[in-house]
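See below for the structure under consideration.
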Amino acid sequence: MKKFNELFMTTKESIIKTSETGIELINNMASKDKTHSAAYYSALKDRLNDFISYVETCNLPILNDDFAYFVEVKTDAITLFMKYIMEYKLIEGSDKKKYINADEYEIIKLPFKLLTIEEYARLNGVTSYVISQWIRRGKLKNIKKIGREWYIPEIEEFAKDNKETVYVWKTSDEKIFDKDYDYLNNYTRATIRQSEKSKMSFNVDLYDSVTGNSEIKELDTKEKQKFEIMLISNDRVKLDNNMIIRIG
């Protein structure tokens, strides 16, 4: 059986080498997957190269058995984690592995560049008005509101209505939602999907990971847009399904 350090990243050198393989993977994705723009893949590669350059300047320890480095590329940032691996095994007939990790620690986080509406519009060859309409209609999911201004990650793309979107948040003694959406304080997850009955109707599956309670609400297009922009505007609510690639 292969040694632990042959299966997992345990050194700075292995992080760099495997991340370079990640760039090759992105190049391969770009040649086959036409659902994303050239600008999207260009930004992915640029930021992963920036990540590699930064790792080269860091003094990262050589990890002992049971600890390993992992790189996650999500729609908001590229992050280096150190994880404690409790169990692992190779999948028969492949080089892939299954593992169970207990604790994980964030070591490096390199966010994607945030663009103004005007900058993002120029990058995508449309007007600022069009981008504002995309935001109002909930077509840009992974955006941030700072003060009164919206900022958009450089790799964010227009989302189609038929794409399922999952938002998550943590419950606390302090209410996260108020007014019309007070009921959401009883849940920790909202999954929005287009109804099978009509393209103008949407189901919102609500779920609480603590109690197991669930509820389904049906919204029309305008209600869905209002509901989703409320979630996007709340800095305590996060996108759950925003993984692009995991390296390690």
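The values are calculated or read from the model by the stated rules, or taken from the named source; none is laboratory data. From a predicted model like this one, the values you see are computed outputs, not experimental measurements. Please note: Cβ atoms are built from the backbone with ideal geometry, for glycine as well, and neighbour counts cover all protein chains shown.
What residue, among those in the stretch 155-208 that are among the basic types (Lys, Arg) and over 30 Å from Glu119 (Cβ atoms), is surrounded by the fewest Cβ atoms within 10 Å (Cβ to Cβ)?
Just the residues of the stretch 155-208 that are among the basic types (Lys, Arg), to begin with: 160, 163, 170, 175, 179, 189, 193, 197, 199.
Next, only the ones that are over 30 Å from Glu119 (Cβ atoms) stay: 170, 175, 179, 189, 193, 197, 199.
Numbers: Lys170: 11, Lys175: 11, Lys179: 6, Arg189: 16, Arg193: 15, Lys197: 9, Lys199: 11.
The residue in question is Lys179.
Kindly provide the set of residues from the stretch 135-150 that are free of Cβ contacts under 8 Å to residues at least 12 places away in the same chain and of a type in the set (A, V, I, L, M, F, W, C), ordered by number. Let's see the steps before the verdict.
Within the stretch 135-150, the subset free of Cβ contacts under 8 Å to residues at least 12 places away in the same chain is 146-148.
If the condition is that a residue be free of Cβ contacts under 8 Å to residues at least 12 places away in the same chain and of a type in the set (A, V, I, L, M, F, W, C), then Ile146 is the only one that fits.
Looking at Ile131, Ile117, just one residue is in contact (Cβ under 8 Å) with a residue 24 or more places away in the chain, under 26 Å from Met243 (Cα atoms) and not aromatic (Phe, Trp, Tyr), and that residue is Ile117. In the set Tyr88, Tyr69, Tyr99, only one residue is at pLDDT 95 or above and either farther than 24 Å from Ser233 by Cα or part of a strand (DSSP E or B) (or both); that residue is Tyr69. Checking each residue in the stretch 57-105 for being surrounded by 15 or more Cβ atoms within 10 Å (Cβ to Cβ), among the small types (Gly, Ala, Ser) and closer than 14 Å to Leu7 by Cα picks out only Ala68. Every condition in (1) in a strand (DSSP E or B); (2) at pLDDT below 90; (3) among the hydrophobic types (A, V, I, L, M, F, W, C); (4) touching a helix residue (DSSP H, G or I) at 6+ places or on another chain (Cβ under 7 Å) is met by Phe158 except one, and the failing one is (1). Screening Thr127 with (1) at pLDDT below 90; (2) within 30 Å of Thr221 (Cβ to Cβ); (3) among the hydroxyl-bearing types (Ser, Thr, Tyr) gives one miss only, at (1). Looking only at the stretch 199-214, decide whether some residue is in contact with a Phe, Trp or Tyr (Cβ under 6 Å, 6 or more places away or on another chain) and of a type in the set (S, T, N, Q). Yes - at least one qualifying residue is present in the stretch 199-214.
Here is a list: Ile176, Ile108, Ile100. Which entry is touching a residue at least 40 places away in the same chain (Cβ under 8 Å), of a type outside the set (Asp, Glu) and over 30 Å from Ala39 (Cβ atoms)?
Numbers: Ile108 fails: over 30 Å from Ala39 (Cβ atoms); Ile100 fails: touching a residue at least 40 places away in the same chain (Cβ under 8 Å).
Result: Ile176 is the single residue among Ile176, Ile108, Ile100 that is touching a residue at least 40 places away in the same chain (Cβ under 8 Å), of a type outside the set (Asp, Glu) and over 30 Å from Ala39 (Cβ atoms).
Taken over the stretch 151-173, the criterion of being touching a residue at least 12 places away in the same chain (Cβ under 8 Å), over 15 Å from the mean Cα position of the chain (by Cα) and within 28 Å of Asn186 (Cα to Cα) is satisfied by Asp161, Asn162, Lys170, Thr171.
Taking the numbered list (1) assigned to a strand (DSSP E or B); (2) in contact with a strand residue (DSSP E or B) (Cβ under 7 Å, 6 or more places away or on another chain) in turn, Lys145 passes all entries but (2).
Taking the stretch 7-54 as the search range and keeping residues that are of a type in the set (Phe, Trp, Tyr) and part of a helix (DSSP H, G or I), which one is surrounded by the most Cβ atoms within 10 Å (Cβ to Cβ)?
So in the stretch 7-54, the residues of a type in the set (Phe, Trp, Tyr) come out as 8, 40-41, 51, 54.
Applying the additional criterion that residues be part of a helix (DSSP H, G or I) yields 40-41, 51, 54.
Numbers: Tyr40: 19, Tyr41: 17, Phe51: 25, Tyr54: 13.
For the stretch 7-54, the residue satisfying everything is Phe51.
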